[in-house]
Structures are given as C-alpha cells and as structure tokens.
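Worksheet: the structure to be examined is printed underneath.
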Amino acid sequence: MHNVTLIPGDGIGPSITEAVVRVIEASGASIQWDRKLGGMAALHEVNTPLPDNTLDSIRRTRIALKGPLTTPVGAGFRSINVALRKEFDLYANVRPVRTILPDYRYQDIDLVLVRENTEGLYSGIEHYVGIGGDPRAAAESVMIVTRFGVERILRYAFEYAIAHDRKKVTLAHKANILKFTQGLFLDVGREMAKEYSDRIEFEDRIIDATAMLLVMDPYRFDVIVTENMFGDILSDQIAGLVGGLGLAPGGNIGRDAAIFEAVHGSAPDIEGRNIANPSALLLAGAMMLDHLGDYEQAERIRSALESTIREKDSLTPDLGGQGTTDTFTDALIRRL
Ligand code: NAD
C-alpha cells in the first residue's frame, strides 16, 4: 500500500482527479489517498492557497498527484506550482510524450524531455536599473547555473535513460553565445557522458537547431536534457508533436519528494460541464506508479488509454468526440 497526497485542485481539477483515482483503483494499484487542499479551493476554505497541512502531507508521503491549480491574479500570490517546486527542491521536470492519437500529423513519436527546474533564468533574480529620471530605464534577469545543479540534472537524465531502456541523450544548449552559464552545462555534460559511453549514446546540440530538428525529424531524438527556460519552451513544443497539452503529463522530481501533474491548467472555460479530458493527468498517474515501482499497473493504464483513444470510444470533445469525462473513464475502465 502506497500513501499518496492527492490535491484535486481547481476548475476541472476535481473532476479529472476523481476519474484518475477510479482508473488507478481499477488497475489494481494499492494506494491510500490523502486528499488535501491547494489553489483557489484552499484560498476559499482556509485563506491560503498552499496550506501547511498540504505541505505536511507531502513531507510525509513524499509523493503527490496534483490537479491543476489556479494562481490568483493580482493579489500578491506567487505561483503555487513554483512554490511547491522550491519547497521540495523538485529539480527535475520530466515530460514524456508518445503518439496516441491516430491520424495525427506525426506518428510514433516517443520522446522524453528532462528540464532543469530550479536554476537558470527562472531563478527569480531580477531588477530594474534606473538611469536619469527613469526608474525603469533598463531591466536585468540573472541566469544562475551551478555545477551542483548541472551535475544533478545531467545525472538524472543519464540514469533515467538507463532505467527506461533509452538509447540516447541529447544535451540542448546555447554555449556558443552564453559561454559561461551554458558552457558550464555543456562541459559537465560532455564529461559525464564519458561515464555512460558504453551504455548511452550522447550528443549535444544548440537549442535553436534542436527546435528546428524537432519539427523536421523528431525521430532522431530520444531523451533531451536542457536548462530551465529552454526546457519550458521545448516541452510545449514536444507536446505539440503528439496533439497538444491534453495528452501531456509531467513529473517534478526531487531527492525527497515527487509531484506528478498534467501539463495543462484548470480550464475554467469548461469547468462543471463534465467534458474535461482526464488523459494527461492519467498519464501523470501512470508516471507516478512507475516511480512507485508499480510498473505493471502503469503499463496496463497506458495501454487501456491508448486503445480507448485509438478506437475513438467515448472521446471527449477536445479529442473530437462527444463523450463526457465519465463515459470516457467508464470506457477506459472496461478495457482494464
Ligand atoms: P488551460 O490549460 O487551463 O486551458 C487552455 C485551453 O485548453 C482551454 O480552452 C481549456 O478548456 C483547454 N483544456 C485544458 N485542459 C483540458 C482538458 N483536460 N480537457 C479539455 N480541454 C482542456 O490554460 P489557461 O486557460 O491559460 O489557464 C487556466 C488556469 O490554469 C490559470 O489560472 C493558470 O494559472 C492555471 N495553470 C495551472 C497549471 C498547473 O497547475 N500546473 C498549468 C497551467 C496553467
């Protein structure tokens, strides 16, 4: 029995998390869910978007499945997702994408992006520079790259590749221009690649060329590792190769905790209509089961999801069907 913190979240969050809980239970995985508040739901009930007892639960279980959270706009709140990443030092953002949709413009895509989640330009060190009478004459954002941060994300990428039977790691960088920050990333990567040279093929590519090749010939990639902002951009790009955010899961992994979620947001425009697609969160749930060692249940869920989508059984409107969250989930559970 695994203990897992469950944060249903906002908007469509509660309905897709309930669907995912039903499917995971039907898969035979044995999970004790500790349901906790987060986001607007928490703000309304306990006056903070990230309550202490939610954090305490994650500290205890060390693993969470999280629905999308709406960050209140303009009220001085920082993003709750960023706060969670910082609190638990979730340094690796892992985004696998695989073709499921039949008839989509690319077929047989099977890629994983490993994004550094704590450093780079997203460190949050920014300020304006006043010149003359203009207090905002210029602005600076500082890109922080540490050997510690680079080593742990690259180590994660190589070890992930081995554990998931992948063949190649591509390091995407901009060391030709950002000679220090990106140079450090590249140097450490090249050095570490030697340790794995008998098991994992390694290449490095400039980020802009990587972006182009991902469109022209995505099949040449397997695992891609990159720094924070480049990873933010590339991860949405690779989601586009398989049909968009509705099928994109993500894992935020740290040494002491891991949080799995869909890449999409709380979709307030379709809240309460029972048409949200639970697939991305379900794929995140399968990643979570892999993380817990329940590989068989994870694989059963992925294959039930794939056949439900390929056979176009009760698809939700975003996938071109007329099904609902409930009928789609029922169809999936029948296949399990
Ligand atoms: P969104 O991803 O919520 O929605 C974009 C579009 O995709 C909408 O038309 C929506 O209906 C559709 N969509 C998204 N998920 C869907 C699903 N599962 N099934 C069917 N359609 C789906 O992005 P947004 O509108 O920019 O953001 C809404 C809120 O979500 C914001 O408050 C934002 O801060 C938050 N957000 C949270 C996360 C997170 O918690 N990880 C991520 C992104 C955005």
Rounding to the nearest 20 debye, state how big the charge dipole of the chain is about its Cα centre with +1 on each Lys and Arg Cβ and -1 on each Asp and Glu Cβ. 220
With a 10 Å radius around each residue's Cβ, average the other Cβ atoms per peptide and rank 41-52, 2-13, highest first. 2-13, 41-52
Highest mean first, how do 82-91, 244-253 rank when packing is the count of other Cβ atoms within 10 Å averaged over residues? 244-253, 82-91
In region 137-241, the GluC sites (Glu not before Pro) that sit in a DSSP loop and have at most 14 other Cβ atoms within 10 Å of their own Cβ are none
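Looking at region 165-202, which trypsin sites (Lys or Arg not before Pro) are in a loop (DSSP not H, G, I, E or B) and have at most 11 other Cβ atoms within 10 Å? Provide the component values of the computation, followed by the final result.
On the way: sites: 166, 167, 168, 174, 179, 190, 194, 199; in loops: 166, 167, 174, 179, 199.
Sparse-neighbourhood loop trypsin sites (Lys or Arg not before Pro): 167, 179, 199.
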With a ≥ b ≥ c from the Cα gyration tensor eigenvalues, square-rooted, and the rule rounded for a/c under 1.5, otherwise prolate when a/b > b/c and oblate otherwise, region 14-161 is oblate
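Rounded, prolate or oblate: pick one for the chain, where a ≥ b ≥ c are the square roots of the eigenvalues of its C-alpha gyration tensor, a/c under 1.5 means rounded, and failing that, prolate if a/b is larger than b/c, else oblate. Walk me through the numbers on the way to the answer.
Working: a/c = 1.62, a/b = 1.22, b/c = 1.33.
Oblate, because a/c is 1.5 or more while a/b does not exceed b/c.
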Any helix of the chain counts here only if DSSP assigns it H throughout, its Cα atoms span 15 Å or more along the axis, and its mean Kyte-Doolittle hydropathy is at least -0.5, and such helices are 13-26, 147-163, 181-195, 228-241, 279-292, 325-335
Reach of residue 179 by Cα under 28 Å, taken over lysines that are not fewer than 8 positions away in the same chain: 86, 168, 194
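Please state the shape class of region 110-241: rounded when a/c is under 1.5, otherwise prolate if a/b exceeds b/c and oblate if not, all from the C-alpha gyration tensor. Walk me through the intermediate numbers first.
Numbers: a/c = 2.52, a/b = 1.80, b/c = 1.40.
Verdict is prolate for region 110-241.
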Alpha-carbon Rg with Dmax, taken over region 86-147, Å: 19.6, 60
Positive dipole terminus of the chain, leading residue within 160, 325, 55 (C-beta point charges): 160
What ranking, highest mean first, results for peptides 311-323, 126-138 when packing means the other Cβ atoms within 10 Å averaged over each residue? 311-323, 126-138
The long-range amide H neighbours of residue 263, using H built 1.01 Å from N in the peptide plane and a cut-off of under 5 Å, are 248, 250
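What net charge is computed for the residues neighbouring residue 263, neighbours being all others with C-beta under 10 Å from the C-beta of residue 263, Lys and Arg scored +1, Asp and Glu -1?
Working: positive: 95; negative: 236, 261.
Counting the neighbours of residue 263, the net charge comes to -1.
Read-outs: derived from the displayed coordinates by stated rules, not from any lab. What you are looking at is a predicted structure, and each value in this text was computed from that prediction instead of being measured. Quick reminder, even Gly has a Cβ in these numbers, built from the backbone with ideal geometry, and neighbours come from all protein chains shown.
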